[in-house]
Structure formats: C-alpha cells, structure tokens
1. Considering only P55, P173, Y90, whose Cα is most displaced toward the positive end of the charge dipole of the range 54-194, charges sitting on Cβ of Lys, Arg (+1) and Asp, Glu (-1)?
2. Starting from 0.36 nm per residue, how many nanometres of slack lie between R92 and S209 once their C-alpha separation is accounted for?
3. Given charges of +1 on the Cβ of Lys and Arg and -1 on the Cβ of Asp and Glu, with all other atoms neutral, how large is the dipole of the chain about its Cα centre, in debye to the nearest 20?
4. Stretched out fully, how many nm does the piece from R114 to E66 gain, at 0.36 nm a residue minus the Cα gap?
5. For each of V63, V25, count neighbouring Cβ atoms within 10 Å of the residue's Cβ, then give the residues from fewest to most.
6. If eta is 1.567 mPa s and T is 4 °C, what Stokes-Einstein diffusion coefficient results for the chain, Kirkwood Rh from Cα pairs, in µm²/s?
7. Give me the one-decimal nm value for the distance between modelled label points at N168 and S33, 7 Å along each residue's Cα-to-Cβ direction.
8. Starting from the Cα gyration tensor of the range 85-156, take the square roots of the eigenvalues, sort them a ≥ b ≥ c, and report rounded, prolate or oblate (rounded when a/c is under 1.5, otherwise prolate if a/b is larger than b/c, else oblate).
Amino acid sequence: IVAPHSAITGTLTGQDFASFGTGAVWLQCSPVSWDAFALELWGPLLNGGLCVLHPGQRPDPVVIAELVDRHAVTSLYLSASLFHVVVDEYPRALDGVRELIVGGEPLSPAHAARALERHPGLRLSNGYGPVEGMVFLTVHPVTAEEVRDGRPVPIGRPLAGKRLRVLNERLRPVTDGSTGELYAAGAGVALGYCGRPELTAERFVADPSGPSGERMYRTGDLVRRRADGVLEYLGRADS
C-alpha cells in the first residue's frame with residue numbers, strides 16, 4: 001500500500017481521540033508491519049510525548065504489564081483479540097493506564113464492561129479503520145452504560161479531516177438508519193496498491209461529491225449511520 005507522509009500527519013496531529021502530547025507515555029508493542037506501529041511511535045513523537053518500546057516483534061501480556069508499571073505508561077493500543085486475553089488473564093496490565101484504544105477486530109462488549117468495571121477511570125475507545133485509511137477512520141469512546149446489555153460497540157464518528165460516506169451500489173448516499181457501504185476520502189487515505197493498478201482502480205474510485213480528481217476508498221464494510229452521526233459496523237459487503 002502506497003501512502004503519503006500526510007496520511008500519518010493528518011491522522012496523528014490536530015486530533016482529539018487520544019492524548020499524544022506532554023505527559024503522555026505510549027507503549028509501542030505492535031509489529032512494525034502494522035499501521036498501528038505509526039500510531040504508537042509517531043503519535044507521541046510528533047506531539048511531544050514519550051514512547052516506550054516493547055522488545056521483540058510479538059506483544060506479550062506479561063511484558064506489557066511489566067513495562068506499564070516500570071515506565072508509568074499512560075496510553076495503549078491493543079488489538080481486540082489481545083485486549084480480550086489481557087482482560088481474561090492479565091487485567092493488572094491495565095492498572096495505571098489512562099487511555100486504551102482497541103481495534104483491528106470487533107470489540108467484545110462483555111470484555112469492555114469488565115475492563116471499565118475494574119478500571120473506572122480508564123478512557124476506553126473502539127477504533128476502526130483499514131490500513132488504506134491509516135490506522136483509524138473513526139474512534140468511539142466506550143461507556144460502561146452502553147456495553148452493559150451486550151449490544152455491539154459502535155465504531156463512532158470520523159476523525160478530523162477524514163470524510164466518510166455511506167453509499168448504495170450506485171454511489172448515492174443512503175438515509176440515516178439504512179445499511180450502506182462505507183467509503184473514505186480525505187486525510188489519511190492511501191494512494192493505492194504498489195504495482196497493482198487493476199486492484200487500485202477497483203478499490204479507489206472517483207469521488208462524485210469531492211473536488212475534481214478526488215478519489216475515495218471503498219472499504220467493503222457495511223455500516224449504518226445513526227441519527228447522532230455515530231456509525232455502527234454491520235459486516236462485510238462480500239460475505
């Protein structure tokens with residue numbers, strides 16, 4: 001995937017979905033091949049925060065707990081599957097953490113509820129975004145009330161600078177509450193796939209509502225926009 005430097009800066013500067021500045025200590029534990037690596041490393045380094053490096057290429061819940069305690073880590077990103085393991089087997093790893101973003105897979109509302117019950121001061125967020133959108137397209141702050149009954153956790157609202165559209169098969173907007181495919185444009189969207197022009201043309205299509213020459217990325221994900229602007233993930237369009 002080919003992405004400009006502005007994809008990183010547009011996602012990690014001028015945003016309010018996480019704290020990256022003075023006083024923030026992020027743990028970098030994602031593999032370098034993941035776009036979350038950019039979040040954990042460049043988020044704090046571009047904004048005046050600190051970054052603690054997890055040794056090796058595979059995050060270990062025991063090591064995470066040790067590093068959080070030793071370096072007073074304030075902020076974490078965990079894949080949903082790793083978060084679920086931490087909540088089940090190593091809940092102390094989150095002691096002292098002020099904010100945690102979970103992404104990559106659907107977030108279990110039961111695990112979110114347990115984490116918030118043990119850590120009532122934790123700022124827990126559900127992040128959504130394919131790598132073509134540079135880490136996150138949306139982030140949703142999770143509350144104990146909304147996960148108490150086990151309903152799926154929403155994926156939230158677009159980050160600043162990211163333009164998301166819910167469209168039908170004719171690329172026309174659907175009404176709030178209706179199901180459509182999610183398309184992304186604006187800051188953070190990749191340029192295409194290196195050496196794969198046909199796939200690039202298939203997934204990065206002309207934006208009928210944008211400036212001349214603007215393209216948008218077809219995520220392949222089905223969503224529904226609520227009346228308050230929050231997006232709910234419903235599944236894949238090709239499943």
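Bear in mind these aren't lab numbers, they're just calculated from the coordinates by the rules spelled out. Nothing here was measured: the structure is a model prediction, and the numbers come from that model. Heads up, the Cβs are rebuilt from the backbone with ideal geometry, glycines too, and the neighbour counts pull from every protein chain shown.
1. The one lying farthest along the dipole's positive direction is P173.
2. Stretched out fully, the R92 to S209 stretch lengthens by 37.3 nm.
3. Working: 23 positive and 27 negative charges, 86 e Å.
Roughly 420 debye, rounded to the nearest 20.
4. Between R114 and E66, full extension yields an extra 15.2 nm.
5. Going from sparsest to densest Cβ surroundings: V63, V25.
6. The estimated diffusion coefficient comes to 70 µm²/s.
7. About 4.1 nm separates the two model spin labels.
8. prolate
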